[in-house]
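The values are calculated or read from the model by the stated rules, or taken from the named source; none is laboratory data. From a predicted model like this one, the values you see are computed outputs, not experimental measurements. In this analysis, Cβ positions are derived from the backbone assuming ideal geometry, glycine residues included, and neighbour counts consider all displayed protein chains. For the accessible areas, the whole protein counts, side chains as well, though only heavy atoms, and no ligand, DNA or RNA atoms are used. Shrake-Rupley method; radii C 1.70, N 1.55, O 1.52, S 1.80 Å.
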Amino acid sequence: MLPPGPAEPPVIQTLRWLTRPVAFLESCRRRYGDTFPVTFLGFASPMVMISDPEAVRALYSEPSHGLPAGRTVALQPMVGDRSVLLLEGREHLARRKLMLPPFHGDRMRAYETIVREAVERDIATWPASGAFPLHPHMQAITLEVIQRAVFGVTDPARRERLGALLGELLDMTSSAALQFRVLMTRRLGGPDPLGPMQRVRARVDEVLFAEIRERRAEDEGAGRTDILSLLVSARFEDGAPMDDEELRDQLMTLLLAGHETTATALAWAFDLLLRHPHVLARLNDELREGGDEYLRAVIDESLRLRPVLPLAGRRLAAELRVGSHVLPAGTDVTPAIWLTHTRPDLYPEPYAFRPERFLGGSPATYAWIPFGGGVRRCLGAAFAEFEMRIVIETVLRHHTLRAAGPDAERVRRRNITFSPRAGTRVVVAA
Ligand code: HEM
């Protein structure tokens, strides 16, 4: 039997999740403790939320667990059937093996210039006076970085066209109304609400296939360092390459997994930094001296206090013991990342922004899970952290920013992310 959880009908639980996710999670924690099921509209069975690090460890260290239905429903229309995000078992591991080396931490330095240039180009467009939201600028930066470092698009005209199409596509995926219609259609039937999105996607595909064709025609020693080039020349264990459709799926996966997440993490990091002047001052001092230890701690703490993705679940292949409960095989289970990250037993004064917690050591594996864990842990974690370091450092070197208003940003659920409600409004100080 599942542990107790909210008794409202699924439509109410879904609306609470869609509109006020943090309040919903925290009220469930107050009433039901560490472990409780939530039932979302359109899904036959509940999703059990866990937050105790021991339970998270037990969940993530069993590689045979599969994916919950929700991940496929939310992502398949955008990333395709062979996305590494959606495959399971041996097929999934074969992709991880092929795709991990290009994301290795040491390789990231190849992208430093790309990130710096993207930041400098964007900074030049910031208004010299008046408040503006930083989040869209972070989105522009991370989109350009993905286009250049991952897709390797060098032609500026093609980059502009692709950028506009991707922007349109990503806007469509973040519409709460569209998500609600998709869920309702799953339940009640009716015309596919995703038709318009599929048409934009087809136009994106044309550009990506052209890019892939050109890459295949190039000499392998052309000296390219973008991730698409590395994937074009990579081989599975049986010697076969990825075919064009699969490369397209993985590129869309990297875009979807890596663009909005990193932009949102940056918007949160700036919101927290600008509201904690002593942290900002210490960071500026360190950057002037050429260090980066405190910067890394700022990023770790920011990802703790404002985890961008709230859930990273599994479907149990075997029963899972969580405290006094035994969850049967077949149950969908996810860490509620926000709840793990705000446990006072792990983080004293859990709502305080205090990078010092992470100085002199890495965060504990299953108590700090912004990138999920186990065999599906984020492939781009090193890339994201590297990009965040370069963006924060470059912005702070060029500008003194102030928060535009007195109140800290509140969490809004945007597509699958926890995003700053007002977009991190800032002012460039004279
Ligand atoms: C701060 C930014 C980011 C955050 C918070 C984040 C978070 C996550 C999370 C929570 C997962 C699910 C892990 C799980 O189920 O255990 C994930 C998976 C993934 N992420 Fe990220 N991510 C970020 C940036 C990126 C970037 C920059 C890329 C690549 C360009 C990327 C590529 C992926 C891929 C391919 C997966 C699927 C891994 C698999 O299923 O094997 N992510 N990410």
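May I ask you to list the residues in segment 387-402 that are more than 12 Å from the ligand (Cβ to nearest atom) and open to solvent by less than 20 Å² (accessible area, probe 1.4 Å)? Ile390, Ile392, Thr394, Val395, Leu401, listed by residue number.
Mind counting the residues in segment 1-45 that are in contact with a His (Cβ under 8 Å, 6 or more places away or on another chain) and either among the polar types (S, T, N, Q) or open to solvent by 30 Å² or more (accessible area, probe 1.4 Å) (or both)?
The number of residues fulfilling the criteria is 2.
Scanning segment 87-100 for residues that are open to solvent by less than 40 Å² (accessible area, probe 1.4 Å) and either in contact (Cβ under 8 Å) with a residue 24 or more places away in the chain or in contact with a His (Cβ under 8 Å, 6 or more places away or on another chain) (or both) yields His92, Ala94, Arg95, Arg96, Leu98, Met99.
Looking only at segment 1-38, residues that are of a type in the set (S, T, N, Q) and modelled with pLDDT of 95 or more come to 3 in all.
The set of residues in segment 80-100 that are away from the ligand (no atom under 11 Å from the Cβ) and farther than 20 Å from Leu230 by Cα comprises Gly80, Asp81, Gly89, Arg90.
Every listed requirement among (1) out of contact with any Phe, Trp or Tyr (no Cβ under 6 Å at 6 or more places or on another chain); (2) within 10 Å of the ligand (Cβ to nearest atom); (3) open to solvent by less than 30 Å² (accessible area, probe 1.4 Å) is met by Phe103 save one, (1). Scanning segment 353-374 for residues that are within 12 Å of the ligand (Cβ to nearest atom) and among the aliphatic types (A, V, I, L, M) yields a single hit, Ile369.
Filtered by the rule that a residue be more than 10 Å from Trp268 (Cα to Cα) and more than 9 Å from the ligand (Cβ to nearest atom), segment 300-309 gives Asp300, Glu301, Arg304. Val326 falls short on exactly one of the conditions (1) open to solvent by less than 30 Å² (accessible area, probe 1.4 Å); (2) in contact with a strand residue (DSSP E or B) (Cβ under 8 Å, 6 or more places away or on another chain); (3) away from the ligand (no atom under 11 Å from the Cβ), and that condition is (1).
Out of Ala118, Ala140, Ala55, I need the residue that is away from the ligand (no atom under 13 Å from the Cβ), outside any loop (DSSP other than H, G, I, E, B), farther than 21 Å from Met172 by Cα and touching an Asp or Glu at 6+ places or on another chain (Cβ under 6 Å). Which one? Result of the check over Ala118, Ala140, Ala55: Ala118.
Report yes if Ala69 is modelled with pLDDT under 95, away from the ligand (no atom under 13 Å from the Cβ), open to solvent by less than 40 Å² (accessible area, probe 1.4 Å) and of a type in the set (A, V, I, L, M), otherwise no. The answer is yes for Ala69. Considering Pro406, Pro348, the condition of being within 28 Å of Pro127 (Cβ to Cβ), open to solvent by 20 Å² or more (accessible area, probe 1.4 Å), more than 16 Å from the ligand (Cβ to nearest atom) and without any contact (Cβ under 8 Å) to a residue 24 or more places away in the chain is satisfied by Pro406 alone.
Of the candidates Glu245, Glu260, the single residue that is of a type outside the set (Lys, Arg) and modelled with pLDDT of 95 or more is Glu245. The residues of segment 72-91 that are assigned to a helix (DSSP H, G or I) and in contact with a strand residue (DSSP E or B) (Cβ under 9 Å, 6 or more places away or on another chain) amount to a single one, Gly89.
Set side by side, the residues Leu247, Leu272 differ, and just one is in contact with a helix residue (DSSP H, G or I) (Cβ under 6 Å, 6 or more places away or on another chain), closer than 18 Å to Arg354 by Cβ and away from the ligand (no atom under 11 Å from the Cβ), which is Leu272.
Residue-level analysis places Pro77 outside the set of residues that are within 19 Å of the chain's Cα centre (by Cα), within 15 Å of the ligand (Cβ to nearest atom) and either open to solvent by 70 Å² or more (accessible area, probe 1.4 Å) or in contact (Cβ under 8 Å) with a residue 40 or more places away in the chain (or both).
Just checking, does segment 312-322 include any residue being surrounded by fewer than 18 Cβ atoms within 10 Å (Cβ to Cβ) and assigned to a strand (DSSP E or B)? The answer is yes, given that some residue of segment 312-322 is surrounded by fewer than 18 Cβ atoms within 10 Å (Cβ to Cβ) and assigned to a strand (DSSP E or B). Is it true that some residue in segment 342-353 is closer than 14 Å to Ala58 by Cβ and over 22 Å from the mean Cα position of the chain (by Cα)? For segment 342-353, residues closer than 14 Å to Ala58 by Cβ and over 22 Å from the mean Cα position of the chain (by Cα): absent. Scanning segment 112-163 for residues that are closer than 20 Å to Gly423 by Cα and without any contact (Cβ under 8 Å) to a residue 12 or more places away in the chain yields a single hit, Ala124. Scanning segment 140-156 for residues that are under 21 Å from the mean Cα position of the chain (by Cα) and of a type in the set (S, T, N, Q) turns up Thr142, Gln147.
Taking segment 375-386 as the range and being more than 24 Å from Tyr294 (Cα to Cα) and more than 6 Å from the ligand (Cβ to nearest atom) as the test, only Val375 passes.
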